[in-house]
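Chemist: Before we start, here is the structure in question, set down as structure tokens.
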Amino acid sequence: MAPTTDVDPFSTEVLADPLPWQSWLREAGPLVRLARYDAHVMGRYDEVRAALADWQRFQSAAGVGVANFLTEEPWRPPSLLLEADPPHHDAPRAVLSRILGPRALRRLRQAWFADAEALVDEVVSEGELDAVTDLAQVFPLRVFPDAVGLGERGREHLLPYGDFAFNAFGPHNDLVQRGTEGIGEHSAWVGEQCRRESLAPGGFGAAIWAAADRGELTREQAQLVVRSLLTAGVDTTVHGIGAVLHAFATNPAQWRRLRDDPGSARTAFDEAVRWESPVQTFFRTTTEPVEIGGERLPAGAKVMMSLASANRDPRRWHRPDEFDSSRDPSGHLGFGMGIHQCVGQHIARLESEALLTALARRVTDIELAGEPVRHLNNTLRAWESLPIRITSR
């Protein structure tokens, strides 16, 4: 029988420092029962990876959070990418994969690298800055909404809207309660941006609506696909960039390695995503009886997938608690796995590559200039503030 824990993985204590609990989880067994939520959790790499890839037996359509959409009403229409399975998932995924594919990356690369150079030129003279508010937030909020086709006004709604959406995957705790205070305004603005009339020609949003014109999506699906871009396309990248900047600020040898080899920027970002796991957890729901580690779960059972625990599993990774930009981090679960793997991961990599390359060109040393402050979220691992001191060339 699977061991049981009374620990609440969404408590303030665990969210602030999840590593001890994740270590216990891995050692406890391949499956652990969460008594508080009448659910189970996996924390080992092999089991988590296999379950994420097995959408037939571990469905997303019942919700990827604590709530079970089979018995509970979701707070907003479910995502066609994250909270749907084939066949409903197929057309939106195919359309967005094409729109965010290699052609888009080639088209955006030069402009985003130039934007990153301009931003770094603005901040390097400061000497001390906040890596979150001055870099990790500013750059994605500058380039990604442009690529989608949003106007300049109102972009401040994107981060709190995304933060609430990821908080809502957890229980209705204080984090969710605090977010409800402004969610109506944030949600209304985001909804307005999903309309065809709000999106500039030539952007990702217009391309999604063009797919609807060709009959590849319905109008209702087009709006929801644009919403998915705006929900998950900013916060996760912000926190990924925050993670890699913190990794470099606390590992000077790794920063010197990047300066010597700027072409390693993408690998360094992926290693930071493995090491920090900006997206910590997602749930799945069994569609039939499933046996895991000798425990038989019935159909309809909620199972938490701890991506963060799996990404530090010593059964898969050598010295997993170290940030090592020379390792091959491929296979990490920071972007998920299987048909629900993050469709925008290559866009996130391009944003980070552009910013890190610009920083490596101008900054010789980077170090902490104060105590970093965590931003707590039921699903995301993030920094609220990351004071750094830089020395520029």
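Chemist: Output the DSSP H helices from the chain with an along-axis C-alpha extent of no less than 27 Å and a mean Kyte-Doolittle hydropathy no less than -1.0.
Modeler: Qualifying helices: 102-123, 174-193.
Chemist: Among Ala28, Ala131, Ala348, which one shows the highest mean-square fluctuation when the chain is modelled as a Gaussian network with alpha-carbon springs under 10 Å?
Modeler: Ala28
Chemist: Another question, if that's okay. Over the Cα atoms of the chain, compute the convex hull volume and normalise it per residue, giving Å³.
Modeler: Spread over its residues, the Cα hull of the chain gives 128 Å³ apiece.
Chemist: May I ask for the Kirkwood hydrodynamic radius of the stretch 232-297, worked out over all distinct Cα pairs and given in angstroms to one decimal?
Modeler: 14.3
Chemist: Any idea how far the Cα center of the stretch 229-271 sits from the one of the stretch 278-323, in Å?
Modeler: Measuring centre to centre over Cα atoms gives 25 Å.
Chemist: Would the stretch 316-372 count as rounded, prolate or oblate if I go by the C-alpha gyration tensor, calling it rounded below 1.5 in a/c and otherwise prolate when a/b exceeds b/c, oblate otherwise?
Modeler: oblate
Chemist: For a distance above 28 Å, tell me the whole-number percent of Cα pairs in the stretch 72-219 that qualify.
Modeler: Result for the distance tail: 31 percent.
Chemist: With every protein chain left in place, what is the accessible area per residue of the chain in square angstrom, probe 1.4 Å?
Modeler: Each residue of the chain exposes 41 Å² on average to a 1.4 Å probe.
Chemist: Suppose the chain between Val373 and Glu216 were pulled fully straight at 0.36 nm per residue; how much longer would it get relative to their current alpha carbon spacing?
Modeler: Answer, rounded to one decimal: 52.1 nm.
Chemist: Next question. Name the residues whose placed amide hydrogens come within less than 5 Å of the amide hydrogen of Arg381, ignoring near sequence neighbours (fewer than 5 apart) on the same chain.
Modeler: When sequence neighbours closer than 5 places are left aside, the close amide H contacts are Val279, Gln280.
Chemist: Still on this structure, please answer the following. Quick one: 3J(HN,Hα) in Hz for the stretch 30-38, Karplus 6.51/-1.76/1.60 with θ = phi - 60°, rounded, Gly and Pro as x.
Modeler: Couplings: x, 8, 10, 8, 8, 4, 5, 10, 6 Hz.
Chemist: What do you get for GluC sites (Glu not before Pro) in the stretch 102-201 restricted to DSSP loop and a cutoff of at most 12 other Cβ within 10 Å of the site's Cβ?
Modeler: Loop-located and lightly packed - Glu152.
Chemist: State the Kirkwood hydrodynamic radius of the stretch 1-133 in Å, one decimal place, computed from all pairs of distinct Cα atoms.
Modeler: Hydrodynamic radius (Kirkwood, Cα only) of the stretch 1-133 equals 19.2 Å.
Chemist: For Leu245, Leu80, Leu70, write out the residues from largest to smallest accessible area, computed with a 1.4 angstrom probe and no ligands counted.
Modeler: Correct descending sequence by accessible area is Leu70, Leu80, Leu245.
Chemist: Please give, to one decimal in nm, the separation of the simple spin-label points placed at Glu152 and Asp365, each 7 Å out from Cα toward the Cβ.
Modeler: Each label point is offset 7 Å from its Cα along the Cβ direction, giving 3.8 nm.
Chemist: Could you give P(r) for the stretch 133-218, binned at 5 Å from zero, as whole percent values over all Cα-Cα pairs?
Modeler: In order of increasing distance, the bins hold 3, 13, 19, 19, 18, 15, 9, 4, 1 percent.
Chemist: Between Gln110 and Trp75, how high is the FRET efficiency from 1/(1 + (r/R0)^6) when r is the Cβ-Cβ distance and R₀ = 56 Å? Nearest 0.05.
Modeler: 0.90
Chemist: What do you get for GluC sites (Glu not before Pro) in the stretch 18-95 restricted to DSSP loop and a cutoff of at most 12 other Cβ within 10 Å of the site's Cβ?
Modeler: Within the stretch 18-95, the qualifying GluC sites (Glu not before Pro) (loop, at most 12 other Cβ atoms within 10 Å) are Glu72.
Chemist: Any chance you could look up the accessible area of His318 with a 1.4 Å probe, heavy atoms only, rounded to 10 Å²?
Modeler: 140
Chemist: Ignoring ligands, DNA and RNA, what percent of the accessible area of the stretch 164-295 is carbon or sulfur (1.4 Å)?
Modeler: Reported share for carbon and sulfur atoms: 49 percent.
Chemist: Pop out the Kirkwood hydrodynamic radius of the stretch 33-99 from its pairwise C-alpha distances, inverse of mean 1/r, in Å to one decimal.
Modeler: Every distinct Cα pair counted, the radius reaches 13.5 Å.
Chemist: Using Cα springs under 10 Å in a Gaussian network model of the chain, which residue among Leu158, Leu105, Leu15 shows the largest mean-square fluctuation?
Modeler: With Cα springs under 10 Å in the chain, the top fluctuation among Leu158, Leu105, Leu15 is at Leu105.
Chemist: Right, next: Pairs of Cα atoms under 8 Å, at least six residues apart: use those to get the relative contact order of the chain, whole percent.
Modeler: Here the relative contact order equals 27 percent.
Chemist: When the helix-only estimate is applied to the chain (DSSP H runs of n ≥ 4, each -39,500 (n - 2.57), divided by the residue count), what is the mean residue ellipticity at 222 nm, nearest 500 deg cm²/dmol?
Modeler: The helix contribution divided over the chain gives -14000 deg cm²/dmol.
Chemist: Using a Debye calculation, one point per C-alpha and no hydration shell, please list log10 I(q)/I(0) for the stretch 64-116 at q = 0.22 Å⁻¹ in order.
Modeler: Results for the stretch 64-116 at q = 0.22 Å⁻¹ read -0.83.
The values are calculated or read from the model by the stated rules, or taken from the named source; none is laboratory data. Everything numeric here is computed off the predicted structure, so don't read it as measured data. Every residue, glycine among them, receives a Cβ derived from its backbone with ideal geometry; neighbour counts consider all protein chains shown. In case anyone asks, the SASA skips ligands and DNA or RNA and just uses the protein heavy atoms, side chains included. Shrake-Rupley method; radii C 1.70, N 1.55, O 1.52, S 1.80 Å.
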